[in-house]
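Heads up: the structure comes next, in C-alpha cells.
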Protein chains: 2
Amino acid sequence: MNVLEKIVNSVNSFSKSERKVADVILANPQTTIHSSIAALAKMADVSEPTVNRFCRRLDTKGFPDFKLHLAQSLANGTPYVNRHVEEDDGPEAYTAKIFESTMAALDAARQNVDINTINRAVDVLTQAKKISFFGLGASASVAHDAQNKFFRFNVPVVCFDDIVMQRMSAINSTEGDVVVCISHTGRTKNLCDIAAIARENDATVIGVTAYDSPLAKECTLVLSLDVPEDTDMYMPMASRVAQLVLIDILATGFTLRRGTKFRENLKKVKDSLRGSRFEKKDF
Amino acid sequence: MNVLEKIVNSVNSFSKSERKVADVILANPQTTIHSSIAALAKMADVSEPTVNRFCRRLDTKGFPDFKLHLAQSLANGTPYVNRHVEEDDGPEAYTAKIFESTMAALDAARQNVDINTINRAVDVLTQAKKISFFGLGASASVAHDAQNKFFRFNVPVVCFDDIVMQRMSAINSTEGDVVVCISHTGRTKNLCDIAAIARENDATVIGVTAYDSPLAKECTLVLSLDVPEDTDMYMPMASRVAQLVLIDILATGFTLRRGTKFRENLKKVKDSLRGSRFEKKDF
DNA sequence: GGATAAGTTGTAATTAAATTACAACTTACT
DNA sequence: AGTAAGTTGTAATTTAATTACAACTTATCC
C-alpha cells in the first residue's frame, strides 16, 4: 500500500503530535520530500524525534526512507502490480492487466535469477557438441523458440515436443551433449524421465524450471525463475514469457562468449533471409 | 524528463568514474535508492565525492535529492530503458539489459496497442468456426503457443509452420474461418501470399504484424505492436515477447466473452493433465 | 482524590551521512 | 618533455538523523 493512503488510514492510531505531523505532510507532500527532518518538525511544531517516530510507525526505516516512499507515492503509485483479470473487465482493463502482470513477473524474475548459474549455463552451452531443447505443452513453444535462436549459431541443435522423439534423442546423447529441459512446474513426469535418461548417458542437463521441483532434482544445472503463477489453475502466461527472456539471455551470453568473428556468422544467416522478404523501401 | 532516461541519454558525457556509477545505478536502481552514498561508491568502486558529482551533473541538489528523483522514476511510467548489449558486458550486465529492454518494449507496446482492434479481434475469434495460426521462423513459436492456448477452448485450431501446409490450409478455408498471420516485420513474402489466399477464400485474416507493412495490407484486421526492434540486424527478442503477450490478451478476451459456463471447460482440460504430473505435495 | 503506571514528548548527546576544500594524478595538447 | 585542463580521491567539515534519557501528560486503581 501507498504511504499516503497508509497515513490517511491510520490517522486514528496516531498520537496528538504524530497527527500534527500527518496533517502537515498531507497538506504539503511535495514540500515534505524536499525538507529535512528539522524543517518538517518545525512546520508541524513538534520535535525531531517525534517526526522520526512517526516515520517508523508507518513501517519505514526512518525519515529518509519515509521520504523515498512518499516520493514514490506521489509519482502516482505502484507501477506494475500483479492484478488479476476479473469477470467483468472490459478490453481496456484486461489488456492493461495482462501487460502489467507480465511486466511485474519479469521484474520479479529479474530479481530472483541467479547470475552465476546463467554464467555456468552459458559456459556449458558454448562447449556443447550438440544442444537439445525439450518441452511439453506450453513449454514446447519455448523450446521451439530456443531452437530458432541457437540454430543460428552453427551448432547442432534439435528440438522435440514429442515424448517418443525426446526419449530416443535422450538415449542417444553422449558426453559433451547438452539437454535443456523446460517446464514451469517441474512436475511433468515424462520430462523428468527424459532428464534422468540424458544424465545417465553423460549429457549435461540444464533445467529451466522451478527450484526444488522433481525435474530440478534430475538436472545438472537449474535455472529457476520463480514467477508466481499458478499454472495448475490458469493458463501459463507470464511464466512462459520469463522463460523466453531467459532463453534470450542464454543466447546473448552465447554470442558474446563466442567473440566477434563468430558474430559475422549471424549476419550471414540474417542475409540469407533477405530473398524471402520484401525490402523495407518497397512500400 | 525521468532521471533514469536522463542517465542513459547522457552516458556519453560522463567521465570514466561517473560511468561506473551510472552502470551500477542502472543495474540496480531499486537497491540504489536504499543505499547510502558510501555504499553506492563502494559498489561502483569510486569515491564518495564522485557519486556526489554524478548526482549534480544530473541537475539534482545532491545525493539524497537524486535518490528522491530516482525513486520517482521507478514509480513512474517508464522505468525500463531500452539499452543495447555491448561487446564487453558481463553476465550481470547483459542479463539486466535484456530484462529491461524487454520490459521497455512491453511498456511501449502497451501504450501503442489499439484496444478497439483487440476487441474486434476477440469478436471475430469467438465467432470463428475454425482458427488457424501461421508464422514462420521466430514467429512460428508464437503461433505454436497460440495454438496451445486456443486449443483449450474447444474450438478447432490448427497451426502450421510449414509453407506448403499453410498454403493448403489457406486454400481450404471458408467463410467463418479465422486465419491469424504472425510476423514482426510483415515483410515475409510467403506469409503475405497465405494471407491473400485466405482472404480470397472468404476467411477473416488477422495480422499480428507491423502497421503499414505488406502483410498488413492483406489483412482484414491488423494488430500492430510497434516494438522498436531491428530484426534485420538482431535476433527477434522483445518483439516476439510482445506478440506472445498479445496472444495472451486475445485468449483472455476470448474466455471472458464466452462466459462462466465455458470456463469450467478450461478446468477440465487442466484436470486432464493431472495424471501426467507429480503432485505438489509429493516432494 | 492522590499514587502510580503507561504512554507521549522534548532536550541533549551521539552517530551517521553528505558535502566541501584541496591535493594528487591523468590525459591531451603544444 | 612540459603544461594546462580535466578528473579523481583523501581528509576535514558540515549537516542531518537517530538514540538515550528525562520530563511531562494522561488514565487507572485504590
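The values are calculated or read from the model by the stated rules, or taken from the named source; none is laboratory data. Remember, predicted model here, so these are calculated numbers, not experimental data. Every residue, glycine as well, gets a Cβ built from its backbone with ideal geometry; the counts of neighbours run over all protein chains shown.
Check A:Cys181, A:Cys159 and return the single one that is within 11 Å of chain B (Cβ to nearest Cβ), part of a strand (DSSP E or B), at pLDDT 90 or above and within 15 Å of A:Ala140 (Cβ to Cβ). Please lay out each step first, then the result.
Values: A:Cys181 fails: within 11 Å of chain B (Cβ to nearest Cβ).
Unique residue meeting the criteria: A:Cys159.
Pull out all pairs, ordered by first then second residue, where Cβ-Cβ is under 6 Å, the residues are six or more apart or on different chains, the first lies in the range B:48-68 and is part of a loop (DSSP other than H, G, I, E, B), and the second is near DNA strand D (Cβ under 10 Å from one of its atoms).
Once the first residue is part of a loop (DSSP other than H, G, I, E, B) and sits in the range B:48-68, no partner that is near DNA strand D (Cβ under 10 Å from one of its atoms) comes close enough.
Working only within the range A:123-150, note down all residues that are part of a helix (DSSP H, G or I) and more than 7 Å from chain B (Cβ to nearest Cβ). It would help to see each step written out before you state the result.
Going residue by residue through the range A:123-150, those that are part of a helix (DSSP H, G or I) are A:123-126, A:138-150.
Result: A:Asp123, A:Val124, A:Leu125, A:Thr126, A:Ser139, A:Val142, A:Ala143, A:Ala146, A:Gln147, A:Phe150.
Would it be correct to say that A:Asn52 is within 16 Å of DNA strand D (Cβ to nearest atom) and either modelled with pLDDT of 85 or more or not assigned by TED's automatic domain parsing to the domain that holds A:Arg152 (or both)? Lay out the reasoning, then the answer.
Numbers: within 16 Å of DNA strand D (Cβ to nearest atom): yes; either modelled with pLDDT of 85 or more or not assigned by TED's automatic domain parsing to the domain that holds A:Arg152 (or both): yes.
Yes; evaluated as a whole, the condition is true for this residue.
So in the range B:18-38, with the set limited to residues that are in contact (Cβ under 8 Å) with a residue 12 or more places away in the chain and within 12 Å of DNA strand D (Cβ to nearest atom), which one is surrounded by the most Cβ atoms within 10 Å (Cβ to Cβ)?
Residue satisfying both the conditions and the ranking: B:Val21.
Out of the residues in the range B:194-215 meeting the condition of being away from chain A (no Cβ under 11 Å) and part of a helix (DSSP H, G or I), tell me which one is nearest to B:Asn112 (Cα to Cα). Please lay out each step first, then the result.
Looking only at the range B:194-215, we keep the residues that are away from chain A (no Cβ under 11 Å), and these are B:194-209, B:211.
Imposing the further condition that a residue be part of a helix (DSSP H, G or I) reduces the set to B:194-200.
Values: B:Ile194: 27, B:Ala195: 24, B:Ala196: 26, B:Ile197: 29, B:Ala198: 27, B:Arg199: 26, B:Glu200: 30 Å.
The residue in question is B:Ala195.
So, of the residues in the range A:1-17 that are without any contact (Cβ under 8 Å) to a residue 60 or more places away in the chain and more than 16 Å from DNA strand D (Cβ to nearest atom), which turns out to be farthest from the other protein chains (Cβ to nearest Cβ)? Walk me through how you get there before you give the answer.
So in the range A:1-17, the residues without any contact (Cβ under 8 Å) to a residue 60 or more places away in the chain come out as A:1, A:6-17.
Then keep just the ones that are more than 16 Å from DNA strand D (Cβ to nearest atom); that gives A:1, A:6-11.
Values: A:Met1: 14, A:Lys6: 15, A:Ile7: 17, A:Val8: 18, A:Asn9: 19, A:Ser10: 21, A:Val11: 23 Å.
So the residue we want is A:Val11.
Can you report the number of residues in the range B:1-41 which are under 15 Å from B:Arg56 (Cβ atoms) and assigned to a helix (DSSP H, G or I)? Outline the logic, then answer.
As a first pass, look at the range B:1-41 and keep what is under 15 Å from B:Arg56 (Cβ atoms): B:3, B:6-7, B:10, B:13-15, B:17-18, B:21-22, B:25, B:37, B:40-41.
After this cut, where a residue has to be assigned to a helix (DSSP H, G or I) as well, the list is B:3, B:6-7, B:13, B:17-18, B:21-22, B:25, B:37, B:40-41.
Looking only at that region, the number is 12.
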